[in-house]
Amino acid sequence: MKNNKKVAFYGSLRKGHYNYDRFKQQYGNEFNYIKTTNISGFNLFDLGSYPGLKAARNNENKVIVDIFELSEKAFDSVERMEHGAGYSTIKVVDDETGEKVYCYLYEYPCNNLVESGDWSKHLELV
């Protein structure tokens, strides 16, 4: 893809979740899953029907993410959705490759820590 962006998703945009299905249907080959990996130095929080990500106090904390490659058009659409919900765009490091990828940070107060760092596993337990 020309002008592609690599993005780390940790919640509703992960493969198999509701926003993944919506974006994959809309963008097809412009919204491609690459792999599941970790990012270090963050905590995952339950905000109700979706999660939030905040920087942790140490790099030992890990969050499970799905790495995607998006066209500029698909990326812009995700950006509008995430920024409209109060998220900001940051770059994080894929623990496996050391590559920097885009991710969405939620900066509002979050109290319900997801201990496993895996939104998919967390949803199975609630």
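The values are calculated or read from the model by the stated rules, or taken from the named source; none is laboratory data. Just so it is clear, the structure is predicted and the values come from calculations on it, not from any experiment. Please note: Cβ atoms are built from the backbone with ideal geometry, for glycine as well, and neighbour counts cover all protein chains shown. Please note that ligands, DNA and RNA were not included when accessible areas were found on the heavy atoms of the full protein model with its side chains. Shrake-Rupley method; radii C 1.70, N 1.55, O 1.52, S 1.80 Å.
Checking the conditions here, which among Lys73, Lys91 is at pLDDT 95 or above and open to solvent by 20 Å² or more (accessible area, probe 1.4 Å)?
Result of the check over Lys73, Lys91: Lys73.
Give the residue, chosen from Gly98, Gly48, Gly28, that is without any contact (Cβ under 8 Å) to a residue 24 or more places away in the chain, among the small types (Gly, Ala, Ser) and either open to solvent by less than 20 Å² (accessible area, probe 1.4 Å) or farther than 23 Å from Asn4 by Cα (or both).
When all the criteria are applied, what remains is Gly48.
Hey, does segment 16-32 have a residue that's part of a strand (DSSP E or B) and within 13 Å of the chain's Cα centre (by Cα)?
The answer is no, given that none of the residues of segment 16-32 is part of a strand (DSSP E or B) and within 13 Å of the chain's Cα centre (by Cα).
Within segment 101-122, restricting attention to residues that are farther than 19 Å from Thr37 by Cβ and within 15 Å of the chain's Cα centre (by Cα), which residue is least open to solvent (accessible area, probe 1.4 Å)?
Tyr106
Name the residues in segment 58-75 that are touching a residue at least 60 places away in the same chain (Cβ under 8 Å) and either among the acidic types (Asp, Glu) or assigned to a helix (DSSP H, G or I) (or both), would you?
Residues satisfying the conditions are Glu69, Glu72, Phe75.
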